[in-house]
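Q: Got a structure for you, questions after.
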Amino acid sequence: MRLLLRRPQLARPLTFSVPVNARFPHQSFTVRAFSSGGFLPKQEVQERVLSVVKNFEGVDVSKVSETAHFMNDLGLDSLDTVEIVMAFEDEFAIEIPDAEAEKIQTVEQAISYVASHPQAK
């Protein structure tokens, strides 16, 4: 009971002075990175997407075009389609959500998605 009736001790304020040029090695800073001011040019995106598709295992290079469908025209199965979308993620340093990745079924759709992605590099 005595502990409950005890007066709390008042804390003394901690004061100290710091030189202006002091460095704090353990201080953390929040850094936000922003895009350098724009989207990749569509022509560059088109060339790089076509390059990824042409270099993908099992793709007949002669059938690759901007309008080619991954399954119908290039003969890729659903697993190949997932892997090629992952290759686009690697190529452009982006992350494509699963819901959006399922919509990418053609070279043209891949180009449009990447060209409109603000973080594509």
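Q: Consider V64 against the criteria (1) under 15 Å from K42 (Cα atoms); (2) in contact (Cβ under 8 Å) with a residue 40 or more places away in the chain: it satisfies all of them except one. Which criterion is unmet?
A: Answer for V64: the failing condition is (1).
Q: On the basis of being at negative phi, β-branched (V, I, T), part of a loop (DSSP other than H, G, I, E, B) and at pLDDT 95 or above, does I104 make the cut? I'd like the intermediate steps shown before the answer.
A: Details: at negative phi: yes; β-branched (V, I, T): yes; part of a loop (DSSP other than H, G, I, E, B): yes; at pLDDT 95 or above: yes.
Considered against the rule, which asks whether it is at negative phi, β-branched (V, I, T), part of a loop (DSSP other than H, G, I, E, B) and at pLDDT 95 or above, I104 comes out as yes.
Q: Still on this structure: Condition check: at pLDDT 95 or above and in contact with a Leu (Cβ under 7 Å, 6 or more places away or on another chain). Does F70 satisfy that? Reasoning before the result, please.
A: Details: at pLDDT 95 or above: yes; in contact with a Leu (Cβ under 7 Å, 6 or more places away or on another chain): yes.
Yes; evaluated as a whole, the condition is true for this residue.
Q: Out of the residues in segment 54-75 that are over 18 Å from E102 (Cα atoms) and among the small types (G, A, S), which is surrounded by the most Cβ atoms within 10 Å (Cβ to Cβ)?
A: Here the answer is S65.
Q: What number of residues within segment 76-95 are acidic (D, E) and exposed (fewer than 12 other Cβ atoms within 10 Å of the Cβ)?
A: Here is the first cut: in segment 76-95, the residues acidic (D, E) are 77, 80, 83, 89-91, 95.
From what's left, exposed (fewer than 12 other Cβ atoms within 10 Å of the Cβ): 77, 90, 95.
Total meeting the criteria: 3.
Q: Looking at L40, is it at pLDDT below 95, at negative phi and under 28 Å from the mean Cα position of the chain (by Cα)? Walk me through how you get there before you give the answer.
A: Working: at pLDDT below 95: yes; at negative phi: yes; under 28 Å from the mean Cα position of the chain (by Cα): yes.
Taking the combined requirement at face value, the residue satisfies it.
Q: Same structure again: Quick one: would you say A87 is over 14 Å from L40 (Cα atoms), at pLDDT 95 or above and assigned to a helix (DSSP H, G or I)? Full working, then the answer.
A: Values: over 14 Å from L40 (Cα atoms): yes; at pLDDT 95 or above: yes; assigned to a helix (DSSP H, G or I): yes.
Answer is yes for this residue.
The values are calculated or read from the model by the stated rules, or taken from the named source; none is laboratory data. Note that the coordinates shown come from a computational prediction; the quantities given were computed from them, not determined experimentally. Please note: Cβ atoms are built from the backbone with ideal geometry, for glycine as well, and neighbour counts cover all protein chains shown.
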